[in-house]
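Shown next, in structure tokens, is the structure this report addresses.
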Amino acid sequence: MAAHPEKKLAEERKHQNMQNNIKASQGQWGRAWEVDWFSLASILFLLMFAPLIVYYFIMSCAQYQCSLTDPLLDLLTGNKHLSDIWNRTPMLTYQAAGIYCLWVTFQVFLYMFIPDFCHKFLPGYVGGVQEGAVTPAGVVNKYEINGLQAWIITHVLWFANASCFHFFSPTIIFDNWIPLLWCANILGYAVSTFAMIKGYFFPTNAKDCKFTGNFFYDYMMGIEFNPRIGKWFDFKLFFNGRPGIVAWTLINLSFAAKQQELYGEVTNSMILVNVLQGIYVLDFFWNEAWYLKTIDICHDHFGWYLGWGDCVWLPYLYTLQGLYLVYHPVQLCTAHAVGVLLLGLLGYYIFRTTNHQKDLFRRTNGNCRIWGKKPQHIECSYTSVDGTKYYSKLMTSGFWGWARHFNYTGDLMGSLAYCLACGFEHLLPYFYIIYMTILLTHRCIRDEHRCSSKYGKDWKRYTAAVPYRLLPGIF
């Protein structure tokens, strides 16, 4: 039976857009081809000190009641030596290794062997097999989007154990927190090293590899764009979305259980951290298909930055608020608690609504309504490496008329809410907002540099129409 004219036209338009994206992406994508001295120095610093930074934060809580200054003062004054601190640090145990191996294996099983069924009964949820963005080599990878399903299954089993089966204590994560850190580091380095070897000797797609000739840069930033084993196991999606983010809410629940065990109650600050960060995690999995079009998947190669970062940095430093509240339980007054909740919810609303406006604008090519009106935009053109000229639109309506990265502004508001829930006694729980501010500001600059190179004078017209990056009237 012949296709309807409208359907045929839509398919032709989709095919043409795909070809345009392939051509336009060449030379625009991902990491550098050459390494300058500043980049190399930054990479060497991170490779040497990032694992120590994570250890320092966790050790400060375990040995110094979350004080970031007392360990340094002890060392500088000679009250303690590094060996004294190290000797008090729990080492890797068979129990922690078993827990961690079981955890990662279980998440691989959920990712690989249980096709998504949530999209069949959850209205509005996009799951199952989805296409990613076009890679520089012109490949369109397919993904099994089942993160929400993995999160639900994992947490149902967690609560079933806590309430009925009692196979293990809900405090098991906190009780093995530092030994599990060593397991996470081992996996992070193993995966990063394997990804580099794979990129050299048996890449999934050789045309999607980048080599600078600098070992340290290639190791950190990655060689392969989408390293895969078989048809479905995609390293980037798995480690970005599992096992770290699925564990995020379990880690917070374990911290809450430890607080209950130690003090006989769970404070409202701990509840706020669990709820607000839980909303963020659930949002990630609800919009996992949309995540395929973000910077992490569309532009970053897979190396130590993502491999180790997703195994260690994310689960250990993004959960500092809950860890802090185990050592320093805070019961907020009603006004403070309500203020934190409202700030977190407002930040999430801005984050989600801003992203939705951009997605709607792109899907409809601007033929939609934002805040009751047809969105305004700047017509831009760019030329691909083969000399072909293409056209696109940059929205200047809705939240995107307030700032060029207003979704990041909402993200930062939510991040600040997590920290404010911990009170003001220590700096440690505020690391997250400091880190996120640096990370997202750097992303703004990196993205705008790419857009400036791509659009040229049209980008100047756009920045004149939307002059602020993150904070209207300020920055």
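The values are calculated or read from the model by the stated rules, or taken from the named source; none is laboratory data. Predicted model only: the values in this text are computed from it and were never measured. Glycine also receives a Cβ, built like all others from the backbone with ideal geometry; neighbour counts cover every protein chain displayed. Only protein heavy atoms, including side chains, enter the accessible area calculation; ligands, DNA and RNA are left aside. Shrake-Rupley method; radii C 1.70, N 1.55, O 1.52, S 1.80 Å.
Toward the positive end of the charge dipole of the chain, about the Cα centre and with charges on Cβ (Lys, Arg +1; Asp, Glu -1), which of GLY473, PHE216, THR383 goes farthest?
The listed residue farthest towards the positive side: THR383.
Report, in listed order, any pair from LYS198/LYS358; LYS207/LYS236; LYS231/LYS293; LYS236/LYS393 with a Cα-Cα distance greater than 27 Å.
LYS198/LYS358; LYS236/LYS393
In what sequence, largest accessible area first, do GLU288, GLU131 appear using a 1.4 Å probe?
GLU131, GLU288
How many nm is it between the label spots at LEU68 and LEU47, if each spot is 7 Å from the Cα in line with the beta carbon?
Result: 2.6 nm between the two label points.
Roughly how many Å² is the accessible area per residue of segment 358-474, as a whole number, for a 1.4 Å probe?
52 Å²
If you place +1 on the Cβ of every Lys and Arg and -1 on the Cβ of every Asp and Glu, how big does the dipole about the Cα centre of the chain come out, in debye to the nearest 20?
So the dipole magnitude of the chain works out to roughly 1820 debye.
As a check on your grasp of the helix formula, calculate [θ] at 222 nm for the chain: sum -39500 (n - 2.57) over DSSP H runs of n ≥ 4, divide by the residue count, round to the nearest 500.
Helix-only estimate at 222 nm: -19000 deg cm²/dmol.
Report the local net charge at VAL104: Lys and Arg +1, Asp and Glu -1, summed over other residues whose C-beta lies under 13 Å from its C-beta.
Net charge in that neighbourhood comes out at 0.
For VAL108, what accessible area in Å² do you get when you roll a 1.4 Å probe over the heavy atoms of the protein chains, rounding to the nearest 10?
Taking all protein chains as shown, VAL108 has close to 40 Å².
What's the magnitude of the charge dipole for segment 92-331 around its Cα centre, counting Lys and Arg as +1 and Asp and Glu as -1 at the beta-carbon? Answer in Debye, nearest 20.
380 debye
So, in Å, what gap is there between the alpha-carbon centers of segment 245-304 and segment 165-230?
Answer, in whole Å: 20.
Could you give the DSSP H helices of the chain that reach 18 angstrom or more along their long axis (alpha carbon positions) and whose average Kyte-Doolittle hydropathy is no lower than -1.0?
For the chain, where a helix must reach 18 Å along its axis and average at least -1.0, the hits are 37-64, 94-113, 147-160, 177-201, 244-263, 268-286, 334-363, 406-420, 431-455.
Along the Cα→Cβ direction, 7 angstrom out, place labels at LYS80 and LYS374. What is the inter-label distance in nm?
For LYS80 paired with LYS374, the spin-label model returns 6.7 nm.
Report the chymotrypsin sites (Phe, Trp or Tyr not before Pro) located in segment 85-151 that are in a DSSP loop and have at most 10 other Cβ atoms inside 10 Å of their Cβ, or state none.
PHE121
Determine one quarter of the surface area of the Cα convex hull of the chain, which equals its mean projected area, and express it in nm² to one decimal.
The Cα convex hull of the chain, projected and averaged over all directions, gives 26.7 nm².
In straight Cα distance, which aspartates and glutamates are under 12 Å from LYS120, not counting same-chain residues fewer than 8 positions off?
Within the straight-line limit of under 12 Å, LYS120 reaches no aspartates and glutamates at all.
Going from most exposed to least, what order do GLU425, GLU34 have by accessible area with a 1.4 Å probe?
The ordering from most to least exposed comes out as GLU34, GLU425.
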